[in-house]
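Asker: Here it is, the structure, as structure tokens.
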Amino acid sequence: MTIYNFDEMIERRHSNSLKWDKYQGTDILPLWVADMDFRVSPAITHALKKRVEHGIFGYSRPPDELIQVVINMLKEHYDWPVEKDWVVWLPGVVPGLSAACRAIGQPGDEAICCTPIYHHFLHVPARSNRQLKTVPLQLEQGRWTFDFDALESAFTEKTALFMLCNPHNPTGTVFNKDELQHLASLCAQHNVVICSDDIHCGLILDEYKKHIPISVAAPEIADKTITLMAPSKTFNLAGLNASFAIIPDRHLRQQLTSATKSILPSISPFAFDAALAAFRDSEDWRQQLLVYLRQNRDLLNTKINQLEPLSMTKIEGTYLAWINIEQLGLDNPIKYFESFGLGFSPGKEFGDDRFIRLNFGCTQATLIEALKRLEIALTCHRQ
Ligand SMILES: Cc1ncc(COP(=O)(O)O)c(C=O)c1O
């Protein structure tokens, strides 16, 4: 068995990395945007090298084998029998979310999501002439979940779309079957289409949890769903823009594809090659990644909950931690932590400024150094 070395420190400075270049020329550790500091699986590198050596990079189309591999993966991992025609390739999940806003309902209609949430959810409706309505998640027994009473009163006759994020960025919740069925029945009652962003579905850290696509939890509403997935988070391919939507209903599929016409570019041959190598040949890499991320998660969880007055809930999925810093009473938490060499994402960006988000998709050495710096930042704050 090949053992992958996730402890290897790979220099990402001077490689046009969004994550690392933000703090160019400083000693700040970038723990913000959601990509990981790990090299991709050798199978992916091999596939990309082969494409480079071919030397022609014309327009591409999804390889038949990739479609079959995706269908097999969905059946095997989620017991989801998906048909070939249901798969729509997209150059990114955010463009898919944006297209869903444009495709569903009419200008002025409402799109609902639950906050905090990955920041693009908060901006895509307005960019498609839709109105955003947000409903806060609630903390229940140390876990972020839906507030169904609040949700129920949020739906109106103008609500056309519910934008779900599962596994949830930034709280790390992996919604269970009951939660998804309850949400699905509310949406069905109000004739609302669900666009579910499942980009983090390959990153379930809790051994007792499983990812369940909402169409699988509630097959009766499958015809009113668009599920967005990608190899990008799980296999660290965010810069390659390979994503897909699963849309069982033909009409809904047409609506989405016509909303993307002349706007979205075609998918690059690199994206298809990398996606195939990811789903077909990189499962052992993913399994070892999960072991590593679980260790990071546990390290972080233990430490943060010792560092009063910080707190965090256990992360069920993703490599993102949602940390409550409210008790520190900082005016500008991001600036404060940057002055101690820590680059976090501001909670405000996700709709709640009492928090910061920490990306632990990094080496354990980086995480340990970050936790040391965090301890110093808190000691200085107390003084
Ligand atoms: C929930 C979620 N959706 C979408 C994206 C980005 O997707 P893409 O780069 O494919 O547009 C991210 C990236 O962090 C994310 O966390």
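Asker: Inside the range 318-335, can you point out the residues that are within 16 Å of the ligand (Cβ to nearest atom) and polar (S, T, N, Q)?
Answerer: Thr318 - this is the single residue of the range 318-335 that is within 16 Å of the ligand (Cβ to nearest atom) and polar (S, T, N, Q).
Asker: Being among the aliphatic types (A, V, I, L, M), outside any helix (DSSP H, G or I) and exposed (fewer than 15 other Cβ atoms within 10 Å of the Cβ) is the filter here, so list the residues in the range 129-151 that pass it.
Answerer: The first filter runs over the range 129-151 and keeps only residues among the aliphatic types (A, V, I, L, M), leaving 132, 135, 137, 139, 150-151.
Narrowing further to those that are outside any helix (DSSP H, G or I): 132, 135, 137, 139.
The answer is Leu139, and nothing else.
Asker: Working carefully through the options Asp85, Asp64, Asp109, Asp79, find the one that is acidic (Asp, Glu) and crowded, with 17+ Cβ neighbours inside 10 Å. Please lay out each step first, then the result.
Answerer: Values: Asp85 fails: crowded, with 17+ Cβ neighbours inside 10 Å; Asp64 fails: crowded, with 17+ Cβ neighbours inside 10 Å; Asp79 fails: crowded, with 17+ Cβ neighbours inside 10 Å.
Answer to the selection: Asp109.
Asker: Against the condition in contact with a Cys (Cβ under 7 Å, 6 or more places away or on another chain) and either within 30 Å of Ala278 (Cα to Cα) or of a type outside the set (A, V, I, L, M, F, W, C) (or both), how does Ser98 come out, does it pass?
Answerer: Working: in contact with a Cys (Cβ under 7 Å, 6 or more places away or on another chain): no; either within 30 Å of Ala278 (Cα to Cα) or of a type outside the set (A, V, I, L, M, F, W, C) (or both): yes.
Against the criterion (in contact with a Cys (Cβ under 7 Å, 6 or more places away or on another chain) and either within 30 Å of Ala278 (Cα to Cα) or of a type outside the set (A, V, I, L, M, F, W, C) (or both)), Ser98 does not qualify.
Asker: Which of the following residues is part of a loop (DSSP other than H, G, I, E, B), within 16 Å of the ligand (Cβ to nearest atom), crowded, with 24+ Cβ neighbours inside 10 Å and not assigned by TED's automatic domain parsing to the domain that holds Arg297: Ile199, Ile226, Ile194? Working first, answer last.
Answerer: Numbers: Ile226 fails: part of a loop (DSSP other than H, G, I, E, B); Ile194 fails: part of a loop (DSSP other than H, G, I, E, B).
Step by step, each of Ile199, Ile226, Ile194 is checked, and only Ile199 is part of a loop (DSSP other than H, G, I, E, B), within 16 Å of the ligand (Cβ to nearest atom), crowded, with 24+ Cβ neighbours inside 10 Å and not assigned by TED's automatic domain parsing to the domain that holds Arg297.
Asker: A follow-up question, please. Are any residues in the range 23-36 part of a loop (DSSP other than H, G, I, E, B) and away from the ligand (no atom under 15 Å from the Cβ), and if so, which ones? Don't jump to the end; show me each part of the working.
Answerer: Taking the range 23-36 as the starting set, the residues that turn out to be part of a loop (DSSP other than H, G, I, E, B) are 23-28, 31-36.
Across the range 23-36, the qualifying residues are Tyr23, Gln24, Gly25, Thr26, Asp27, Ile28.
Asker: Exactly one of (1) more than 19 Å from the chain's Cα centre (by Cα); (2) in a loop (DSSP other than H, G, I, E, B) is unmet by Ile315. Its number?
Answerer: The failed condition is (1).
Asker: Of (1) away from the ligand (no atom under 16 Å from the Cβ); (2) over 26 Å from Ala259 (Cα atoms); (3) among the hydroxyl-bearing types (Ser, Thr, Tyr); (4) not in a helix (DSSP H, G or I), Thr171 satisfies all except one. Which?
Answerer: With (1) away from the ligand (no atom under 16 Å from the Cβ); (2) over 26 Å from Ala259 (Cα atoms); (3) among the hydroxyl-bearing types (Ser, Thr, Tyr); (4) not in a helix (DSSP H, G or I) applied to Thr171, the lone miss is (1).
Asker: Sticking with this one: For the range 322-338, check the following and say yes or no: at least one residue is aliphatic (A, V, I, L, M), under 23 Å from Phe175 (Cα atoms) and surrounded by 15 or more Cβ atoms within 10 Å (Cβ to Cβ). So that I can check it myself, show each step before the final result.
Answerer: Step one: filter the range 322-338 for residues aliphatic (A, V, I, L, M), giving 323, 325, 328, 330, 334.
Narrowing further to those that are under 23 Å from Phe175 (Cα atoms): 323.
Checking which are surrounded by 15 or more Cβ atoms within 10 Å (Cβ to Cβ) leaves us with 323.
For the range 322-338, residues aliphatic (A, V, I, L, M), under 23 Å from Phe175 (Cα atoms) and surrounded by 15 or more Cβ atoms within 10 Å (Cβ to Cβ): present.
Asker: Across the range 64-98, what is the total count of residues that are touching a Leu at 6+ places or on another chain (Cβ under 6 Å), under 26 Å from Ile263 (Cβ atoms) and assigned to a loop (DSSP other than H, G, I, E, B)?
Answerer: Result for the range 64-98: 2.
Asker: Moving on. Under 6 Å by Cβ, and 6 or more places apart or on different chains, what pairs join a residue from the range 148-166 that is assigned by TED's automatic domain parsing to the domain that holds Lys209 and over 14 Å from Val192 (Cβ atoms) with one that is of a type in the set (A, V, I, L, M, F, W, C) and more than 16 Å from the ligand (Cβ to nearest atom)?
Answerer: Listed by first residue and then by second, the contacts come to Ala150/Val135.
Asker: For the range 276-320, enumerate the residues that are crowded, with 18+ Cβ neighbours inside 10 Å, touching a Lys or Arg at 6+ places or on another chain (Cβ under 7 Å) and over 23 Å from Phe244 (Cα atoms).
Answerer: Thr313, Ile315, Glu316
Asker: Related question: Evaluate the range 307-314: report whether one residue or more is within 14 Å of the ligand (Cβ to nearest atom) and either touching a Ser or Thr at 6+ places or on another chain (Cβ under 6 Å) or of a type in the set (S, T, N, Q) (or both).
Answerer: no
Asker: For the subset of the range 79-127 comprising residues that are within 11 Å of the ligand (Cβ to nearest atom) and aliphatic (A, V, I, L, M), which member is farthest from Leu264 (Cα to Cα)?
Answerer: Ile117
Asker: In the range 246-310, which helices (runs of 4 or more DSSP H) lie fully inside it and hold 3 or more residues that are of a type in the set (Asp, Glu)?
Answerer: By residue number, 283-306.
Asker: With the condition kept exactly as written, say whether any residue in the range 300-311 is closer than 26 Å to Leu18 by Cα, modelled with pLDDT of 95 or more and either of a type in the set (Ser, Thr, Tyr) or within 24 Å of the chain's Cα centre (by Cα) (or both).
Answerer: Yes: one or more hits.
Asker: Filter the range 99-128 for residues that are of a type in the set (Val, Ile, Thr) and outside any helix (DSSP H, G or I) and give the result. Break it down stepwise before answering.
Answerer: Keep residues of the range 99-128 that are of a type in the set (Val, Ile, Thr), which gives 104, 112, 115, 117, 124.
Those that are of a type in the set (Val, Ile, Thr) and outside any helix (DSSP H, G or I): Ile104, Ile112, Thr115, Ile117.
Asker: Hey, does the range 114-121 have a residue that's on the phi > 0 side of the Ramachandran plot and assigned by TED's automatic domain parsing to the domain that holds Ser268? Steps first, answer last, please.
Answerer: Of the range 114-121, the ones on the phi > 0 side of the Ramachandran plot are none.
Looking through the range 114-121, none of the residues is on the phi > 0 side of the Ramachandran plot and assigned by TED's automatic domain parsing to the domain that holds Ser268.
Asker: Right, another one. Only one of (1) over 19 Å from Pro346 (Cα atoms); (2) modelled with pLDDT of 95 or more fails for His14. Which number is that?
Answerer: (2)
The values are calculated or read from the model by the stated rules, or taken from the named source; none is laboratory data. In this text, all values refer to a predicted model and were calculated from it rather than measured experimentally. FYI the Cβ positions are ideal-geometry reconstructions off the backbone, even for glycines, and counts take in every protein chain you see.
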